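Asks: My structure is below; once you've seen it, I'll send some questions.
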Amino acid sequence: MAARHGPWTWQASALWLQAERRGSRNPAVNGLRPVNVPEASLRVAGAYRVPTVPGLEFNAGLTAEGNRMVLPDDNSVRIPGRVRVDIGAKWEQSIGSNASLTWRAGIDNLSDRRAWKESPYQFGHVYLYPLAPRSWRLSAEAAF
């Protein structure tokens, strides 16, 4: 879902998934949740284009995911859900008739939350990938 109202732009998505394993060669796992699949997911993003400064935009996003199963044989281990907030700014400047500069700055994982991002199970092993710590980003892009 997306919406625009004046200088504001909004995007949102939500998912609630009741996934379960079926038709396995191992009937003991039928009915269990698949590994590395969150039970729910919510994403909300917003941007504000500053009317008094052409090309300047501030943005923020929130991502929330439910817990994930880790072990495929019995669902006895799960990693908890997580929430991440990102913020940023973008400034687009026109240079002449065909050229432009775009400046971007942002902070990912603003609260510096520690969590497990994913937990794939492959080749008989569990792999746990951590959520990246707070990260700052700054870039400039020139288009001619």
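Values quoted throughout were computed directly from the atomic coordinates according to the rules given, and no laboratory measurement underlies them. Quick caveat, the model's predicted, so the values are computed rather than measured. Glycine also receives a Cβ, built like all others from the backbone with ideal geometry; neighbour counts cover every protein chain displayed.
Asks: Check which residues have an amide H placed less than 5 Å from residue 115's amide H, if you skip close sequence neighbours.
Replies: Placed amide hydrogens put 131 under 5 Å from residue 115.
Asks: On to the next question. Using the charge dipole of the chain (Lys, Arg: +1 at Cβ; Asp, Glu: -1 at Cβ; taken about the Cα centre), state which of 130, 107, 17 has its Cα farthest towards the positive end.
Replies: Highest projection toward the positive end goes to 17.
Asks: Something else now. Please check which bits of region 90-120 a label hung off residue 140 would reach, taking the label as a point 7 Å along Cα-to-C-beta and the cut-off as backbone N under 17 Å.
Replies: 90-96, 99-106
Asks: When the dipole is taken about the Cα centre of the chain, and only Lys, Arg (+1) and Asp, Glu (-1) are charged at their Cβ, what size is it in debye, to the nearest 20? Don't jump to the answer; show the numbers that get you there.
Replies: Working: 18 positive and 12 negative charges, 36 e Å.
Around 180 debye, computed over the chain.
Asks: For a quick check: sort 15, 56, 32 by the number of other beta carbons within 10 angstrom, fewest at the front.
Replies: Least crowded to most crowded, the residues run 15, 56, 32.
Asks: Further question: Using θ = phi - 60° and the Karplus form 6.51 cos²θ - 1.76 cosθ + 1.60, what ³J(HN,Hα) does each residue of region 75-88 get, whole Hz, x for Gly and Pro?
Replies: Listing the rounded values in order: 6, 7, 10, 9, 9, x, x, 8, 10, 9, 10, 10, 9, x Hz.
Asks: Then there is this: Using only the Cα atoms, work out Rg/Rh for the chain, with Rh taken as the Kirkwood radius, to two decimals.
Replies: Ratio of gyration radius to Kirkwood radius: 1.14.
Asks: Residue 139: net charge of surrounding residues, Cβ under 11 Å, Lys/Arg +1, Asp/Glu -1, itself excluded?
Replies: Summing Lys/Arg as +1 and Asp/Glu as -1 gives +2.
Asks: Can you sort 102, 63, 52 from fewest to most other Cβ atoms within 10 Å of each residue's own Cβ?
Replies: Neighbour counts put them in this order, fewest first: 52, 102, 63.
Asks: On a C-alpha basis, how far is the centre of region 120-144 from the centre of region 1-43 in Å? Whole number, if you could?
Replies: 20 Å
Asks: Scaled to the compact-protein estimate 2.2 N^0.38 Å, what is the alpha-carbon radius of gyration of region 1-42, rounded to two decimal places?
Replies: Cα Rg divided by the expected 2.2 N^0.38 Å: 1.94.
Asks: Related question: Any idea what the relative contact order of region 2-143 is, in percent, if you count C-alpha pairs under 8 Å spaced at least 6 apart?
Replies: 18 percent
Asks: Extending each Cα 7 Å along its Cβ direction at residue 48 and residue 22, get the distance between those two points in nm, one decimal.
Replies: 4.7 nm
Asks: Another question about this same structure. Along the Cα→Cβ direction, 7 angstrom out, place labels at residue 73 and residue 30. What is the inter-label distance in nm?
Replies: 2.0 nm
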